[in-house]
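I have placed the structure first, in the form of structure tokens, so that the comments after it can refer back to it.
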Amino acid sequence: MDYNIDRLPIRRLEKSDRQLVIEFFDQMGEESASFFNRTRGSGNEKRTLDYLDDKKPDHIFWAAVDETEDGPKMAGYVFIWDKDSKVPWLGIAVAEAWKGRHLGRRLIATVREYCESIGCGGILLTTAQNNFRGQGLYERCGFERLGVDPHGEYLYLLRFPNK
């Protein structure tokens, strides 16, 4: 497998990607699942499948898709919800095999570019207090930790400069 993230296309998720999404969540390790998809068949997996079924009109999903010998595989994905607000929320997950290769930075950059292009003021996210890898990624990408949200997760904000 070639892990060159520069060659990996990032594109919007499509209805035909349903099996890729299911396989992506199936490969998720225990740690990732505990942060991103706490209950099998619910949480962010359900949110993503609902989006593919046109049940999440306030969301946009992008996927990094790796063309392997065994066919396409999702290397990671990123999404926003409340997409029409000045500060939408972000969610991101990277496949186990792609962790540590800076794919998360590219996924966040994709959302940032989109949000800045439509005039958003920033991006919000929450993450588990013990998600140290995620916190490092968010802070390297310019997010500022604001505190703890009502659910006990860290709240992060990426502010865009006024133009």
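The values are calculated or read from the model by the stated rules, or taken from the named source; none is laboratory data. Owing to the predicted nature of the structure, the values given are computational and were not obtained by experimental measurement. Here the Cβ is made from the backbone with ideal geometry for all residues, glycine too, and neighbour counts use every protein chain on show. Ligands, DNA and RNA are stripped out before the accessible areas are found, and what is left, the full protein with its side chains, is counted by its heavy atoms. Shrake-Rupley method; radii C 1.70, N 1.55, O 1.52, S 1.80 Å.
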Hey, could you check segment 31-50 for residues that are at pLDDT below 75 and in contact with a helix residue (DSSP H, G or I) (Cβ under 6 Å, 6 or more places away or on another chain) and say which is most open to solvent (accessible area, probe 1.4 Å)?
Phe36
Restricting attention to segment 83-94, which residues are open to solvent by 60 Å² or more (accessible area, probe 1.4 Å) and part of a loop (DSSP other than H, G, I, E, B)?
Asp84, Lys86
Subset of segment 107-142 [touching a helix residue (DSSP H, G or I) at 6+ places or on another chain (Cβ under 9 Å), over 17 Å from Arg159 (Cα atoms) and surrounded by fewer than 18 Cβ atoms within 10 Å (Cβ to Cβ)]
Ala128, Gln129, Asn130, Arg133
Does Asn162 satisfy the criteria of being crowded, with 17+ Cβ neighbours inside 10 Å and at pLDDT below 95?
no
Pairs please, first residue from segment 51-75 and outside any loop (DSSP other than H, G, I, E, B) and surrounded by fewer than 18 Cβ atoms within 10 Å (Cβ to Cβ), second anywhere and of a type in the set (Ser, Thr, Tyr) and modelled with pLDDT under 95, Cβ atoms under 8 Å, 6+ apart in sequence or on different chains.
none
Only residues that are open to solvent by less than 20 Å² (accessible area, probe 1.4 Å) and touching a residue at least 40 places away in the same chain (Cβ under 8 Å): list them for segment 143-159, please.
Leu158
Just checking, does segment 116-123 include any residue being touching a residue at least 40 places away in the same chain (Cβ under 8 Å) and under 15 Å from the mean Cα position of the chain (by Cα)?
yes
Residues of segment 82-101 satisfying the condition of being within 13 Å of the chain's Cα centre (by Cα) and closer than 18 Å to Pro57 by Cβ:
Pro88, Trp89, Leu90, Gly91
Pairs, please: C-beta under 7 Å, at least 6 apart or cross-chain, first residue under 16 Å from Tyr138 (Cα atoms) and in segment 80-104, second acidic (Asp, Glu) and modelled with pLDDT of 95 or more?
Pro88/Asp82; Trp89/Asp82
Which listed residue, of Trp89, Trp62, is touching a Lys or Arg at 6+ places or on another chain (Cβ under 7 Å), within 19 Å of Glu113 (Cβ to Cβ) and at pLDDT 90 or above:
Trp62
